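Below: the structure, in structure tokens.
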Amino acid sequence: MRVDTARGTFEVAATGEGGARPLVALHALALSGRVWDPMAAAMAGNRRVLAPDARGHGGSDWDGGPFGIADLADDVAAIIEVVADGPVDVVGLSMGGSTAILLAQRRPDLVARLVLADTTADYGPDRVAQWIDRAEKAVGVPREKQVAFQVDRWFSPSFVEAHPDEVRRVSDIFVATDSRAHAAACHAFAGLDADAGLGDIQAPTLVLVGRDDYATPPAMAQVLASGIPDARLEVLDDTRHLSLIERPDLWPLVEKHLDT
């Protein structure tokens, strides 16, 4: 559905009409809310799942200008204020997790419970050079030729072999993403520095990370779990960066946390 806000118009995939608090699911870099379709379908009997496309991604509008992760968080806040009555639960994966961290810091009134998967509040001292390089590749390399790099980061080799249709589904979303928006999001990561505010997060938080995630490794997840009051960390064996896509067996764990 299209959601008009004071910050622009966003595409939001809406699934389910369950009685629990709505769940807002925030996608990874250069993907879209459709990446959550399988999880949303599995949860549809218990809750409404709202999966917005970040600005410039999927079907959401974007003026072509630069933005930061805080801007993405403020976009989500504007969406929540339009589509939800009261606070929501939030699940964020990778870029979506960084967005969720800023959202929980800036608008604690909108976040009831929080799940942060394979994400970080700060990519470290080399982040500017690292993400400028990623931005240049996002626009300088044809999207189809970027897929192999992405798949290796996203999924374990065993998952790639066993689930080619799901790998293809996620890869197709990536290929369809605007390269300019992908690059702008990379530049946003270069400015991400939210560690100092972790202690301000009030929402009960579950932190998930693949043990083999080399994009946002377990050490980054440990920083989140140590900095957020009463957060709980789960390190997942044989799992890479898109843990909640690779591991449907985690969805009941997520629901248990949200329902506690």
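Here are the numbers:
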read-out: Breaking point among (1) closer than 22 Å to residue 51 by Cβ; (2) under 17 Å from the mean Cα position of the chain (by Cα), for residue 253; value: (2)
read-out: Selected residue (only one of 114, 103 is in a strand (DSSP E or B), within 17 Å of the chain's Cα centre (by Cα), aliphatic (A, V, I, L, M) and modelled with pLDDT of 95 or more); value: 114
read-out: Residue in the stretch 117-128 that is nearest to the chain's Cα centre (by Cα), counting only those that are surrounded by fewer than 24 Cβ atoms within 10 Å (Cβ to Cβ) and farther than 18 Å from residue 242 by Cβ; value: 122
read-out: In the stretch 4-56, the residues that are of a type in the set (A, V, I, L, M, F, W, C) and at positive phi; value: 30
read-out: Selection status of residue 151, within 25 Å of residue 192 (Cα to Cα) and under 20 Å from the mean Cα position of the chain (by Cα); value: yes
read-out: Residue pairs meeting the criteria (Cβ under 6 Å; at least 6 apart or on separate chains; first closer than 18 Å to residue 168 by Cβ, in the stretch 34-52; second aromatic (Phe, Trp, Tyr)); value: 39/251
read-out: Residues satisfying the stated conditions in the stretch 195-237, i.e. under 16 Å from residue 113 (Cα atoms) and basic (Lys, Arg); value: 232
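The values are calculated or read from the model by the stated rules, or taken from the named source; none is laboratory data. In this text, all values refer to a predicted model and were calculated from it rather than measured experimentally. Glycine also receives a Cβ, built like all others from the backbone with ideal geometry; neighbour counts cover every protein chain displayed.
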